[in-house]
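Below: the structure, in structure tokens.
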Amino acid sequence: MQVGPNTPAIVTGGASGLGEATARALAAKGAKVAIFDLQEEKGKKVAEEIGGIFCEVNVTNDESVDAGFAKARAAHGQERILVNCAGTGNAIKTASRDRQTGEIRHFPLEAFNFIIQINLVGTFRCIAKSAAGMMSLDPLNEDGERGAIVNTASVAGEDGQIGQAAYSASKGGVIGMTLPIARDLMGEGIRVNTILPGIFNTPLMNAAPPQVKEALAASVPFPKRLGNAPEYAHLAMTMIENGYFNGEDVRLDGAIRMAPR
């Protein structure tokens, strides 16, 4: 798909990190970008800087997502591009024993469901609603292409670490649904791909102590550093612009394979 002046695009989680970098990359090509996020101050700032629009959206809530799509489409028209970067994580063992008291406890199911609802169901919710809208558009080219969707999973979806049961399940779900969704939409000219980032230098990672970041960087085979958000955005743009890129899950991780801890 050719990304050009006024191409309508939506990026969830676009106020910071991987989503922000992707929103900026799309805008640099002339796209009109709507940012879906809960971080109002950051989201509005990024939107203003790239000539886009901010929509306060909670991806776990149908009404909130519907309102976001309505606002974005009223401003820019029906989106041709959707990039799903909204997500979060936690670290809790499936079952554990308190070292001091010996008390045994298990992963609180509400905490498990919270992650699934944001990372997996929230992603699917946005895909389904966006794809339905894209189907109303005329094809762009002789291949019949109408739109492109990029999702964000994680290397944890394939080699999750201790305490990542919920996070890995949610990201593994995103990986697992990529090909079926691409097949669901193949007759409508809508492509679907997923990126599996490794350890990236995001605002969340910036909160870690320097020695922790250094150790993580050293664990990457090559290059021995954390990934940078524009590198994610570059791959997202390739998935969007290369019309033969479809139904794929691609690791972007410097060849790392995560150890148990």
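Only the coordinates and a few stated rules stand behind these numbers; no lab work does. What you see is a predicted model; the values in this text were computed from it and never measured. With ideal geometry, Cβ positions are generated from the backbone for all residues, glycine too; neighbour counts draw on all protein chains shown.
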Check your understanding: What angle, in degrees between 0 and 90 and rounded to the nearest 10, separates the Cα long axis of helix 17-28 from the longest principal axis of the Cα atoms of the chain?
Key -> 20
Review point. For the stretch 43-192, treating each Cα as an identical point scatterer without solvent, what Debye log10 I(q)/I(0) comes out at q = 0.13, 0.14, 0.18, 0.19 1/Å?
Key: -0.69, -0.77, -1.09, -1.16
Practice item. Name the residue farthest towards the positive end of the dipole of the stretch 1-121 from the options 2, 107, 36, assuming +1 on Cβ of Lys and Arg, -1 on Cβ of Asp and Glu, about the Cα centre. Key: 2
Study note, to complete from the structure: With Cα coordinates, the longest principal axis of the chain makes an angle with the long axis of helix 40-50, in degrees rounded to 10, of 40
Point to revise | the stretch 27-90 - Rg (one decimal) and Dmax (whole number), Cα, Å | key: 11.6, 36
**Study point:** Rotationally averaged projected area of the chain (alpha carbon convex hull; nm²)
**Key:** 14.4
Review point. Do the sum for the chain: with -39,500 (n - 2.57) for every DSSP H run of n ≥ 4, divided by all residues, what is the mean residue ellipticity at 222 nm, to the nearest 500 deg cm²/dmol?
Key: -12500 deg cm²/dmol
Study note, to complete from the structure: Quarter of the surface of the C-alpha convex hull for the stretch 1-118, i.e. direction-averaged projected area in nm², equals 9.0
Exercise for review: Sort out for me the Cα centre separation of the stretch 183-221 from the stretch 108-155, rounded to whole Å.
Suggested key: 17
Exercise for review: Note the direction-averaged projected area, equal to a quarter of the hull surface, for the Cα convex hull of the stretch 1-45, in nm².
Suggested key: 2.9
Practice item. Mind grabbing the base-10 log of I(q)/I(0) for the stretch 117-180 at q = 0.14, 0.19, 0.24 Å⁻¹? Debye formula, identical points on the C-alpha positions, no solvent, two decimal places. Key: -0.50, -0.74, -0.96
Point to revise | Share of Cα-Cα pairs in the stretch 166-256 lying beyond 17 Å, as whole percent | key: 58
Revision key, fill the gap. Expected sort for 231-242, 32-43 on mean C-beta neighbours within 10 Å, highest first, is 32-43, 231-242
Check your understanding: Taking Cα atoms, how many degrees apart are the long axis of helix 62-76 and the longest axis of the chain, rounded to 10 and kept between 0 and 90?
Key -> 40
Exercise for review: For the pairs 129/171; 32/129; 42/224; 71/171; 93/224, note any where the Cα-Cα span goes beyond 23 Å.
Suggested key: 42/224; 71/171; 93/224
**Study point:** Mean Cβ count within 10 Å, highest first, over the residues of peptides 11-20, 159-168
**Key:** 11-20, 159-168
Revision key, fill the gap. Here Rg/Rh (Cα, Kirkwood) for the stretch 217-261 equals 1.06
Exercise for review: For a quick protection proxy, order the peptides 130-138, 90-98 by their average other-Cβ count within 10 Å, most packed first.
Suggested key: 130-138, 90-98
